[in-house]
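Scroll down for the structure; my scribbles are underneath it.
The values are calculated or read from the model by the stated rules, or taken from the named source; none is laboratory data. On a predicted model such as this, the values are computed, not experimentally measured, just so you know. Ideal geometry is used to build each Cβ from the backbone, glycine not excepted, and the neighbour counts take in all protein chains shown.
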């Protein structure tokens, strides 16, 4: 496979580089191993970003929000050509949020917004069936406003796990079947509190992997 680094389109954002490449795992030869990755596009139509979310829904790939507190929504049937579904979704522009697919809808939850001198954490929950029109399930879920959390669908429920509250990392776990009513499964899951981790549902269990412990003055990777 050709090395595509000489074709990467970098954009400087603050002190970080962001890219808008799209890579696809699943060539006929390596679909079972993940050994080879194919560059689908060197520069997607959506602006370069990070801390966004992506889901697979309704036969399309979706990209939502991201750094600079974006609230745009893009879709693609193949990862190569992208369509702007909306440049101004009803939810506040955000980054470090989570999204998932549940009960025939796409969901966006929590995150961080930063618009000029207005910034803060979020604990709102939104859903959409088409990516264009979004409905607020709640503007203030009972779980504390946070970013860098994880979300997963498990056992017929949506889950929100951990994240950063502003003064400390969290290791709580909340679930909901409608996005409106949330129940605390635990406020102390026993695992080291963390943000920026990943989660998955597998083998009848919820799994949490990696992250940042965020101890004052230092960043600890887990």
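Check the stretch 34-50 and report whether any residue there is within 25 Å of residue 182 (Cβ to Cβ) and surrounded by 15 or more Cβ atoms within 10 Å (Cβ to Cβ).
Keep residues of the stretch 34-50 that are within 25 Å of residue 182 (Cβ to Cβ), which gives none.
No: the stretch 34-50 contains no residue that is within 25 Å of residue 182 (Cβ to Cβ) and surrounded by 15 or more Cβ atoms within 10 Å (Cβ to Cβ).
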Quick one: how many residues across the stretch 9-65 are part of a loop (DSSP other than H, G, I, E, B), at pLDDT below 80 and closer than 18 Å to residue 96 by Cα? 3
Testing residue 205 on (1) surrounded by 14 or more Cβ atoms within 10 Å (Cβ to Cβ); (2) farther than 14 Å from residue 98 by Cα, one condition comes back false. Which one is that? (1)
